[in-house]
Amino acid sequence: MIDEMIRKSIREMVGGSKGPPVAFLEPPGDRGLFGPESMPWEIHADFMSMMIGGISSLILQALHPGALAGVWDHSSFREDLKGRLGRTAFFIAATTYGSTAMAESIITRVNQIHTKVTGFDEFSRPYQATDPHLLNWVHITETSSFLSSYLAHKNKYLTQGQKDQYFSEMARLAVKLGAVDVPNAQRGTTEMMKQYRSELYFGDRAKNIVSLLNHFPASLPAKPFVKLITEAGFANLPDWAFELIQRKKPSLIEKLALDTAVSVIAKPVRLALKDGVAAHSYRRIYGKDKID
């Protein structure tokens, strides 16, 4: 009963099938792009922290006029927020845990879509989604947000080597999507993010996105869960972002209360999703369940 309520609340945010992810069981033995020993397998398996990191990465991406313009002009993001988050979640799942064919197929499809995403941003400057500069921004905001959320809400004891391994492995995916000179360590990612700061802008479009996330559409039963995830997503932003989006940085007490609430709800969420994509993918590779 509780498991189904949790799954329903998650579908309120990102959609998804009500059944098991059997597509990730085939073909037997296929390790996909990364494999179970990789850091993406470990970090992306925690759906709770991934949802939180996904919210903060969307906020950061919306602050770049060129990156936002493609979403603004060529997607139904503002009318179908759940659908956009669901497609992003499936892309991460397919490229992290899917078979090699599944991962390469969705990468090809995204690259084909990007060739058609062109136009002018809010400053009348031309943009195209295949621009490596924009692809790099999307990549570094996602990976830094996912790692930050994972450290805050799942495992704060990752070594520096493990953190750098995550960025190095994810860089391979970014290159397949058209990014170039992608940082392969945490320090390089942080430095690259600083280089973009002068390009960011919190104008009417970005304010619209932040407002939409602040008032994430949800049914009454799911609203407390959805509100918690979005608040945690805002709290997961880097310190410099709060002033830019004109939002007060959470105090230590507020952050502690929020982290505690996330910790409490994360336990039944993880239990409800225990037999999810990562578990099915492990069976595909080894023909058996993983023993924790």
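The values are calculated or read from the model by the stated rules, or taken from the named source; none is laboratory data. Since the model is a prediction, treat every value here as computed from it, not as a measurement. Note: ideal-geometry Cβ built from the backbone for every residue, glycine included; neighbour counts use all protein chains shown.
Of note:
- Residue in the range 114-136 that is in a helix (DSSP H, G or I) and among the hydroxyl-bearing types (Ser, Thr, Tyr) present: no
One line per residue, one yes/no per condition, for (1) surrounded by fewer than 13 Cβ atoms within 10 Å (Cβ to Cβ); (2) in contact with a helix residue (DSSP H, G or I) (Cβ under 6 Å, 6 or more places away or on another chain); (3) in contact (Cβ under 8 Å) with a residue 24 or more places away in the chain:
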position: Glu191; (1), (2), (3): yes, no, no
position: Arg197; (1), (2), (3): yes, no, yes
position: Ala206; (1), (2), (3): no, yes, yes
position: Lys227; (1), (2), (3): no, no, no
position: Ala232; (1), (2), (3): no, yes, yes
position: Asp239; (1), (2), (3): yes, no, no
position: Phe242; (1), (2), (3): no, no, no
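- Residue selected from the range 262-289 under the condition without any contact (Cβ under 8 Å) to a residue 24 or more places away in the chain and either among the hydrophobic types (A, V, I, L, M, F, W, C) or touching a Phe, Trp or Tyr at 6+ places or on another chain (Cβ under 9 Å) (or both), by the criterion surrounded by the fewest Cβ atoms within 10 Å (Cβ to Cβ): Lys288
- Some residue of the range 4-13 being buried (at least 20 other Cβ atoms within 10 Å of the Cβ), part of a helix (DSSP H, G or I), β-branched (Val, Ile, Thr) and modelled with pLDDT of 75 or more: no
- Counting residues in the range 100-109 that are modelled with pLDDT of 95 or more, assigned to a helix (DSSP H, G or I), of a type in the set (Asp, Glu) and under 24 Å from Gly188 (Cβ atoms) gives zero.
- Counted residues, the range 244-254 - those being surrounded by 15 or more Cβ atoms within 10 Å (Cβ to Cβ) and farther than 19 Å from Arg197 by Cα: 1
- Within the option set Ala241, Ala278, Ala266, Ala232, being in contact with a His (Cβ under 8 Å, 6 or more places away or on another chain) and within 23 Å of Ala174 (Cβ to Cβ) holds for one residue only, Ala278.
- Just one of the listed residues (Ile285, Ile245, Ile253, Ile265) is within 25 Å of Arg31 (Cα to Cα) and of a type in the set (Val, Ile, Thr), and it is Ile285.
- Selected residue (criterion: surrounded by the fewest Cβ atoms within 10 Å (Cβ to Cβ)) from residues of the range 57-99 that are assigned to a loop (DSSP other than H, G, I, E, B) and modelled with pLDDT of 95 or more: His64
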